[in-house]
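For reference, the structure is listed below as structure tokens.
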Amino acid sequence: MHQIYSYEIYIFDCDGVILDSNTLKIQAMKKSLEVLCFESSEIEQCINYFANNFGKSRFHHVEYFIESILNVKKSDKDIIAKKILKSFSKQCKELYLTANLTPGFLEMIQSLPGRKYVASGSEQNELRSVFKARGLDQYFVQVFGSPTAKSSLLANILKLEIDKKAVMIGDAVSDFEASRDNEIDFVCYIPFSNVTEKMQMLAVTHNFDTLQSWPYGKFN
């Protein structure tokens, strides 16, 4: 039996772990920037940052874009931020309803023991609505998301589940850092990660497991 079956609490990231949505969200963010007619070089920098820092909230990303990359007048910053976030949110609601589940996810989660949570960088109300619409909420005690930082989300979950053996399952550096901040185990689901090589290097350095596919069934 795979060691993933040895935990009491399972905390899942969403994008690239539950849903095959990483590429779709990158495309959505790119479109949200393109409609505002920013320079292509600026958009490219934003998208590179976005792809390499998945797991952080959209609020963090847009603030970083405006403060560090995009040429935006100080008086226009709040307006531009709201426009980017509104466009991105609208696209996310649509893509989340149609994005494929990662292969074998349902079989795996139904075979896991313990209690399951979601801790995602996606906006919380949006994510809860989509999980309910798709019938995914039945598999989780609760679904948590941004704007609360991921490390804080994990801390809040662990306060609800005191002294239970927990694991964070994610695909991004922010997922690993959140698990490390909260001193719980981490498992990296690799196939849809935006930063596969980086996660594999971290796995060697910090000795955590990586998964190329979901194990399920007691004989795996």
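The values are calculated or read from the model by the stated rules, or taken from the named source; none is laboratory data. Given the structure is predicted, the values throughout are model-derived calculations rather than measurements. Note that each Cβ is placed from the backbone with ideal geometry, even for glycine, and that neighbours are counted across all protein chains shown. What goes into the accessible areas is simple: the full protein's heavy atoms, side chains included, and nothing from ligands, DNA or RNA. Shrake-Rupley method; radii C 1.70, N 1.55, O 1.52, S 1.80 Å.
Summary table below
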| item | result |
| --- | --- |
| Charge-dipole axis of the chain as Lys and Arg at +1 and Asp and Glu at -1 on Cβ define it, positive-most pick from 54, 182, 24 | 24 |
| Phi-based couplings in Hz for the stretch 72-79 (Karplus 6.51, -1.76, 1.60; Gly and Pro marked x) | 10, 4, 4, 5, 9, 4, 5, 5 |
| Distant-in-sequence amide H partners of residue 144 (H built 1.01 Å from N, under 5 Å) | 118, 119, 120 |
| Estimated vicinal HN-Hα couplings, Hz - the stretch 192-201 in sequence order (Karplus 6.51, -1.76, 1.60; Gly, Pro = x) | 10, 5, 7, 10, 4, 5, 4, 5, 5, 5 |
| Fraction in percent of alpha-carbon pairs per bin - 10 Å, the stretch 49-135 | 13, 38, 30, 13, 5, 1 |
| Globularity index of the stretch 1-74, i.e. its alpha-carbon radius of gyration over 2.2 N^0.38 Å | 1.44 |
| Loop-resident sites, the stretch 10-78, for trypsin sites (Lys or Arg not before Pro), counting at most 15 other Cβ within 10 Å (DSSP) | 73 |
| Theoretical ellipticity at 222 nm over the chain - DSSP helices of four or more residues, -39500 (n - 2.57) apiece, nearest 500 | -14500 deg cm²/dmol |
| Other-chain or far-sequence residues with amide H under 5 Å of residue 16's (modelled H) | 21, 22 |
| Proximal lysines relative to residue 150, as straight alpha-carbon distance under 20 Å, when same-chain residues fewer than 8 apart are discounted | 25, 56, 116, 159, 164, 165, 198 |
| Relative contact order computed over the stretch 81-151 (Cα-Cα under 8 Å; 6+ residues apart), in percent | 34 percent |
| Accessible area (Å², 1.4 Å probe, nearest 10) - residue 60 | 60 Å² |
| Relative frequency of Cα-Cα separations exceeding 20 Å in the chain, percent | 58 percent |
| Percentage of interatomic Cα-Cα distances in the stretch 111-187 larger than 20 Å | 28 percent |
